[in-house]
Structure formats: structure tokens, C-alpha cells
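Student: Supplied in C-alpha cells, the structure appears directly below.
The values are calculated or read from the model by the stated rules, or taken from the named source; none is laboratory data. What you see is a predicted model, and the numbers here were worked out from it, not measured in a lab. In this analysis, Cβ positions are derived from the backbone assuming ideal geometry, glycine residues included, and neighbour counts consider all displayed protein chains. What goes into the accessible areas is simple: the full protein's heavy atoms, side chains included, and nothing from ligands, DNA or RNA. Shrake-Rupley method; radii C 1.70, N 1.55, O 1.52, S 1.80 Å.
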Amino acid sequence: MGALRVTVTGATGLIGPQLTAALLERGAEVTVLSRDPDRARARLGDVTAIAWDPLADSAPVEALSGRDAVVHLAGAPVAQRWSAKAKRAIRESRVIGTRNLLAGLAACADADGGEASSGGANSGDADGDAANGGGRPRMLISSSAIGYYGPRGDEPLDEDAPPGEDFLARVCVEWEAEAAKARGLGLRVVQVRTGVVLDAAGGALAKMLTPFRLGVGGPVAGGRQYMSWIHADDLVGMVLAAIEDERWSGPINATAPEPVTNAAFSHALGKALHRPSLLPVPGLALRALYGEMAEIVTTGARAVPAKPLVLGYEFSQPRLEQALRSALGSASR
């Protein structure tokens, strides 16, 4: 068996560069789909970069055929004020983007060299089939989020918990449903419901650092709501495990084993930064700043990684204080 061949979308986002580096270290051949291939190559190094606009076109067959796996990370940032335009971008980048990825997968020939499936933009194109060079990928690892569950208080939520009914939950339901259609094309599908990623270079943690470093950070909206977090190393580790282990299938909660309250997280972050963390942030102030998006911070969900634990995944950063020190240390190197 030759080197693993993996295609990644959203490779220049929060977790994409770290995942790409881990794949390259393992000797994988990595193809990335990007609106700006030159920028992707400059940032990611030894990858093949192919142009794709997820909202405009089916994913190009030449970037998918003959690959072992596709890791789909693309999506507009959620951590922004949810104007009508932003909400449309959040939904369409995930739902329509995944639908267009599936159209590209459908246009690949079957692994046994059969005809391309109907429904893809290039279906029935003999030249497209001839160019396949190995058939469809065997698996699709698609991003999702613990926003799937909606606000649920202190209720522990494993992967079998039902979805919520708020905006982000509805987006996640649609998003996962589009990815699930790849099963009809013969792919193993894993939907990675990601929690708050501890990466000081971006995402939620990066936004928290300035006020905490200034000594004005603290619990939000009383601090009793749960935060389901995961270190970036473990998120990458779970994606790699999902690629390598056929037992990984369906939705998985990509969160650390012990979710904590917002107050406990604030205390741990202040301690890691050697700063006070006692100044409360009123929920009204956050809603004034972020509007509806503030609900995901002021409510929260207590997601637990039941499937990864049953499958034997070993967390490299299972404890919050150590995970925060690791994330902050990585950013300073």
C-alpha cells in the first residue's frame, strides 16, 4: 500500500494547518481545496492546492478521485455578530458547501471503475471517469459542532442526544445531513462535533486572551454554563484516528472528557496567565456586542466524548489547566 492520499478543505483555517502538518509528517500526500491555491501553498508547504469555490461549483473530481480520505473543514466563522448576512454565510458555507463537495464525490467513478453516479456535475462524462485514477475516496471526515445540541444546561450530552432548535443547532443538523449522503456513495462518514478549541493562535481562546491579560477577564453571565473544550492536538488526533480506524463512524463529540463551567474555565485561564479572573462579564454586555451569537457563550452545552472513549482514544491533553498551559506555550514558540 502506498502513501495515504488525503484531500482537505478549509485547510488554512483554525485547525487545518496543524492537521496538514501532521498528515505530511506521516508521509501522506495532501491535496487542499482552496479559493486561493497560491496562498494555501505558501502557508501549508508541500501540498497540492486546487482552486474551488464551495458556494459556486461542484468540488473538482481531480482533487477527489483516487484519494483515501476527504477531510471537510470549510465553513464561515461562527464567532462573529450574527447579522442576517452573517447567518446566511454561516449556513450556506456549511450546507451548500458540503452539498457541492458531495456533487464532486458523486462525479467520481466507483472504486471498481464503474460509471460515475448520477447527481454530480460531471456525471456521465467519460473523460471525467477516465481521469479518476482510483475511484472515490473511502471515507469523509466532516466538521460539525457541539452547537448541534443547543443550550441544554448541565445535562451530559453524548452523541445520541437529540439536536437543539436554535439557529446553530438547525445549521448543524442540515450540515450533518448533507455529509451523511456520502454513505449512499459507499463512503464511511464521520461527523466531528467540535467543542471550544484551545489554540491561542485563533478561535475562541485567542479572543479571550486580551481581556484576561489585561486583568479584566472573568466569568460570563454568571459562569454556571458549561464549556465543552478540546486541545487542538486532540482535535487533530481524533481526525487522524477517524481516518485510520474504520470503527469510527457517524457523529463523534470532539471534546475533552471533563467539560467545565465557564467560571471554572475563567479561573483556569487566569491562573495560566498569572492574572486575576474575577471581573464578571454581564450577559447583557455580551449580547449588546454580539447579538444572537452571544447565546452560545451565555448558555453552553455539556458534551462528553462517549464514542472516542469507547473506541479507546487516548487524550494527550485531558486536563484543562495543563491543556491551557500547552496552548499558550505553543503560541509563544
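Student: Out of the range 173-206, which residues are within 14 Å of ILE252 (Cα to Cα) and either in a strand (DSSP E or B) or in contact with a Cys (Cβ under 8 Å, 6 or more places away or on another chain) (or both)?
Tutor: Hits for the range 173-206 are ARG188, VAL189, VAL190, GLN191, VAL192, ARG193, THR194.
Student: Right, here's the next one. With the structure loaded, tell me whether VAL220 is over 14 Å from ALA301 (Cβ atoms), in contact (Cβ under 8 Å) with a residue 12 or more places away in the chain and among the hydrophobic types (A, V, I, L, M, F, W, C) or whether it fails that test.
Tutor: yes
Student: Restrict the check to the range 198-209 and report whether at least one residue is free of Cβ contacts under 8 Å to residues at least 40 places away in the same chain, closer than 27 Å to GLU244 by Cα and among the hydrophobic types (A, V, I, L, M, F, W, C).
Tutor: Within the range 198-209, none of the residues are free of Cβ contacts under 8 Å to residues at least 40 places away in the same chain, closer than 27 Å to GLU244 by Cα and among the hydrophobic types (A, V, I, L, M, F, W, C).
Student: Follow-up question, since we're still on this one. Step by step: first the residues of the range 47-90, then only those that are polar (S, T, N, Q) and assigned to a loop (DSSP other than H, G, I, E, B), then the one that is nearest to PHE167 (Cα to Cα). Which residue is that?
Tutor: SER83
Student: In the range 271-295, which residue that is assigned to a helix (DSSP H, G or I) and in contact with a helix residue (DSSP H, G or I) (Cβ under 6 Å, 6 or more places away or on another chain) is nearest to PRO219 (Cα to Cα)? Outline the logic, then answer.
Tutor: To start, the set of residues in the range 271-295 that are assigned to a helix (DSSP H, G or I) comprises 271-273, 283-295.
Filter again for in contact with a helix residue (DSSP H, G or I) (Cβ under 6 Å, 6 or more places away or on another chain), leaving 272-273, 283, 286-287, 294.
Numbers: ALA272: 15, LEU273: 15, GLY283: 10, LEU286: 12, ARG287: 15, ALA294: 14 Å.
Within the range 271-295, the match that is nearest to PRO219 (Cα to Cα) is GLY283.
Student: Could you list, ordered by first residue, the pairs with Cβ atoms under 6 Å in which the first is in the range 90-108 and under 18 Å from GLU292 (Cβ atoms) and charged (D, E, K, R) and the second is open to solvent by 10 Å² or more (accessible area, probe 1.4 Å) and in a helix (DSSP H, G or I), at least 6 apart or interchain?
Tutor: From residues that are under 18 Å from GLU292 (Cβ atoms) and charged (D, E, K, R), the pairs are ARG94/TRP175.
Student: Scan the range 240-277 for residues that are under 23 Å from ALA169 (Cβ atoms), open to solvent by 10 Å² or more (accessible area, probe 1.4 Å) and among the aliphatic types (A, V, I, L, M) and jot them down.
Tutor: Passing the criteria: only VAL260.
Student: Are any residues in the range 298-325 in a helix (DSSP H, G or I) and open to solvent by 30 Å² or more (accessible area, probe 1.4 Å), and if so, which ones?
Tutor: Once the filter is applied, which keeps residues that are in a helix (DSSP H, G or I) and open to solvent by 30 Å² or more (accessible area, probe 1.4 Å), the range 298-325 yields ALA306, LYS307, LEU309, VAL310, GLU321, GLN322, ARG325.
Student: Continuing with the same structure: Assuming ILE243 fulfils every condition listed in (1) assigned to a helix (DSSP H, G or I); (2) aliphatic (A, V, I, L, M); (3) within 30 Å of LEU140 (Cβ to Cβ); (4) out of contact with any Leu (no Cβ under 8 Å at 6 or more places or on another chain) apart from one, which condition is it?
Tutor: Evaluating ILE243 over (1) assigned to a helix (DSSP H, G or I); (2) aliphatic (A, V, I, L, M); (3) within 30 Å of LEU140 (Cβ to Cβ); (4) out of contact with any Leu (no Cβ under 8 Å at 6 or more places or on another chain) leaves (4) as the failure.
Student: Could you pull out the residue among THR7, THR31 that is under 16 Å from the mean Cα position of the chain (by Cα), under 23 Å from ARG136 (Cβ atoms) and either surrounded by 19 or more Cβ atoms within 10 Å (Cβ to Cβ) or of a type in the set (Phe, Trp, Tyr) (or both)?
Tutor: THR7
Student: With respect to the numbered conditions (1) modelled with pLDDT of 95 or more; (2) open to solvent by 10 Å² or more (accessible area, probe 1.4 Å); (3) farther than 16 Å from GLU176 by Cα; (4) in contact with a strand residue (DSSP E or B) (Cβ under 7 Å, 6 or more places away or on another chain), which one is the sole condition not fulfilled by ASP154?
Tutor: So ASP154 meets the others, but not (1).
Student: Would you be able to tell me the number of residues in the range 278-297 that are open to solvent by 70 Å² or more (accessible area, probe 1.4 Å), within 26 Å of TYR149 (Cβ to Cβ) and touching a residue at least 12 places away in the same chain (Cβ under 8 Å)?
Tutor: Of the residues in that region, 5 qualify.
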